[in-house]
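The values are calculated or read from the model by the stated rules, or taken from the named source; none is laboratory data. The model shown is predicted, which means the values in this text are computed figures rather than measured ones. Here Cβ is always computed from backbone atoms with ideal geometry, including for glycine, and neighbour counts include all displayed protein chains.
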Amino acid sequence: MEKTITTITTDKARQGRTGLQVLFVLIISLLLAGVVWGGVAIWGETIDAPAADAPGGLTAPAQGTGTSAN
């Protein structure tokens with residue numbers, strides 16, 4: 001029984017083709033991720049801001065009040 005060895009060029013041996021479509025998908029995905037990241041950052045700032053701006057908002061506790069373990 002004799003085995004036959006076939007030589008395949010590197011272009012034919014590739015599993016899939018790379019090209020402009022793959023580049024477009026990668027760029028668009030990166031841009032969409034940036035838009036989502038920016039949206040979440042803006043949303044996070046807007047829900048954090050009212051606590052500091054509320055009347056009587058964030059106040060430090062008065063000194064000398066409270067309990068101490070000393």
Within region 2-25, residues outside any loop (DSSP other than H, G, I, E, B) and not aromatic (F, W, Y) come out as T10, D11, K12, A13, L20, Q21, V22, L23, V25
The correct count of residues that are at pLDDT below 70, surrounded by fewer than 10 Cβ atoms within 10 Å (Cβ to Cβ) and outside any loop (DSSP other than H, G, I, E, B) in region 26-68 is 4
